[in-house]
Structures are given as C-alpha cells and as structure tokens.
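Presented below is the structure to which this report refers.
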Amino acid sequence: MFNIILFGPPGCGKGTQSEKLIAHYGLKHLSTGDLLRKEMKDGTPLGLEAKSLIQKGQLVPDEVVVGMISSALEANPDVPGFLFDGFPRTVAQARALDNLLDLKKTSIEVVLALQVNEEELISRLINRAQTSGRMDDADPEIQRNRQQVYKNETLPVAEYYAKFDKVEMIDGEGTIEEIFSRLQKSIDTKKGLAS
Ligand code: AP5
Ligand code: MG
C-alpha cells in the first residue's frame with residue numbers, strides 16, 4: 001500500500017489536488033471534512049454534533065474523526081493506498097492513524113505539505129464562499145479562526161511526522177496544473193518511478 005497525507009491550511013488546495021491525485025494514482029480519497037459534511041446533510045446525530053463546531057471553525061473531537069477513519073479503512077480492504085485530506089489534524093489523530101495503519105501492516109509513506117501564503121488562502125476562500133454553500137466559508141471571522149486553529153492545533157502534526165523524516169514541502173502557489181506536477185514528481189520519486 002502507498003499511503004499519503006495531503007497536508008496544509010484551509011484553502012491550500014487539498015481537495016482540488018486530491019481529485020487529480022486519486023484519478024492518477026487510483027488511491028482511495030479520505031477527507032474527514034467531506035465525510036462530516038455528508039453526515040450534516042443526512043442529519044445524523046454525528047452530523048448535528050459536528051455542525052455546531054464546524055460553523056464556528058473549531059475542530060470536531062478526535063474520537064469522532066478517528067472513528068470515521070477507522071470505519072473507512074475497514075470498508076476499503078483492497079485499495080492500493082489511501083490519500084488522507086484534512087486528517088490528521090491533531091497530534092492525537094496522527095498517533096491514532098499510525099496505530100490503525102500499523103494493525104493493517106502498513107504506514108504513511110509521505111506527508112505532502114502545501115505551502116501557501118495567508119493572503120492567498122483568504123482570497124481563495126472568499127472566492128469559494130460565493131459558490132460552495134459551506135457555512136464555514138461565509139464569514140471572514142470564522143475563516144480567520146480556522147487559520148488560527150490550524151496554526152495552534154494542526155501545525156504540530158507536521159512536526160510529528162518530520163521526526164520520522166516523512167514531510168515534503170510543496171510550493172502550493174501557481175496554477176492547479178503546476179502544483180499537481182510538483183506533487184506528482186515528489187510521489188514518483190518516493191515510489192522510485194522517477195526517470
Ligand atoms: P475541511 O473540509 O477539511 O476544510 P479545510 O481544511 O478547512 O480546507 P478546505 O476544504 O477549506 O480547503 P482545501 O485545502 O481543501 O482547499 P480547496 O482545494 O477546496 O474541514 C472543514 C471543517 O471540518 C474543519 O474546520 C473542522 O471543523 C472539521 N474537520 C474536518 N476534518 C477534521 C479533523 N480531522 N479533525 C477535526 N475536525 C475536522 O481550495 C480552496 C479554493 O481555492 C477552491 O475554491 C479552489 O477552487 C481554489 N484553488 C485551489 N487551488 C488553487 C490554485 N492553485 N489557484 C487558485 N485557486 C485555487
Ligand atoms: Mg477541502
């Protein structure tokens with residue numbers, strides 16, 4: 001299995017690049033944000049609990065997202081690998097993920113960390129707010145809160161994986177195609193396929 005974490009702040013392009021990566025490499029895309037939005041749309045108890053936190057730009061409890069990921073891993077035993085998007089977002093989630101993958105005799109190969117300056121992030125999210133219908137896009141204050149939560153709670157995840165020498169910084173500015181090609185290069189090198 002070849003498992004990747006696509007890492008970076010809100011608006012850095014995780015969802016956009018995930019679509020291209022799964023089409024190219026046949027990986028199973030696991031986005032906790034998408035899974036939570038589905039629960040909210042279906043009006044499940046979990047969705048209702050998540051809604052009150054997501055609309056403030058706060059994180060959903062670790063055990064909730066770890067439970068969702070655990071079920072998704074079990075439900076997809078035969079995929080060539082997973083692409084994690086928006087997960088793990090705390091060091092506790094990272095440790096839980098490592099344990100879950102360990103049980104499956106696999107691990108994270110690489111953490112691809114998209115680098116985008118904050119002004120660009122905010123401008124992308126303001127643009128997206130016009131069409132996304134996402135309640136956490138609409139209000140600039142919530143957007144700022146999401147960036148702050150990222151710095152406080154999620155950046156330490158990169159430090160955690162850096163200790164295992166798994167983090168690769170990728171320039172996340174430029175066209176979608178340019179960024180995709182940087183990601184591809186990095187993955188192919190890791191896979192030993194680069195010519
Ligand atoms: P989540 O859905 O994961 O959102 P996020 O991390 O805040 O990131 P976004 O989806 O906003 O951005 P993205 O990086 O995917 O960028 P995108 O490709 O869309 O999480 C939402 C909430 O759910 C969290 O706040 C939390 O409450 C909860 N949650 C989720 N996971 C959790 C977890 N593990 N633990 C606890 N809570 C959790 O691009 C953004 C925009 O930019 C798009 O409009 C796109 O078209 C555009 N764009 C993309 N690339 C480019 C480019 N190169 N140039 C110009 N524009 C571009
Ligand atoms: Mg996303």
Set Lys38/Lys185; Lys28/Lys105; Lys56/Lys185; Lys105/Lys166, cut-off 26 Å on Cα-Cα distance; pairs above it are Lys38/Lys185; Lys56/Lys185
Among Gly133, Gly11, Gly47, whose mean-square fluctuation peaks in a Gaussian network model of the chain (Cα, cutoff 10 Å)? Gly133
Computed magnitude of the charge dipole of the chain (debye, nearest 20; Cβ of K, R +1, Cβ of D, E -1): 200
Once you list every other residue whose beta carbon is under 12 Å from the beta carbon of Asn117, what net charge do they have if Lys and Arg are +1 and Asp and Glu are -1? -4
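Roughly how big is the stretch 54-99's charge dipole about its Cα centre, with Cβ charges of +1 (Lys, Arg) and -1 (Asp, Glu), in debye to the nearest 20?
240
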Specify the residue with the greatest mean-square fluctuation among Ala75, Ala96, Ala138, computed from a Gaussian network of the chain linking alpha-carbon atoms under 10 Å apart. Ala75
17 Å Cα-Cα reach of Lys191 towards aspartates and glutamates, excluding residues that sit fewer than 8 places from it in its own chain: Glu109, Asp165, Glu168
Ser31 long-range amide H proximity, modeled H, under 5 Å: Asp85
Quick one: if the Förster radius is 35 Å, what FRET efficiency do Thr189 and Glu49 give, using the C-beta to C-beta distance and rounding to 0.05? 0.25
Do the sum for the chain: with -39,500 (n - 2.57) for every DSSP H run of n ≥ 4, divided by all residues, what is the mean residue ellipticity at 222 nm, to the nearest 500 deg cm²/dmol? -17500 deg cm²/dmol
Where Lys and Arg each count +1 and Asp and Glu each count -1, what net charge lies around Asn152 among other residues with Cβ under 12 Å from its Cβ? +2
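Taken together, the values in this text are just the output of simple stated rules run on the coordinates, not laboratory data. What you see is a predicted model, and the numbers here were worked out from it, not measured in a lab. Neighbour counts are summed over all protein chains in view; Cβ atoms, including those assigned to glycine, are modelled from backbone coordinates with ideal geometry.
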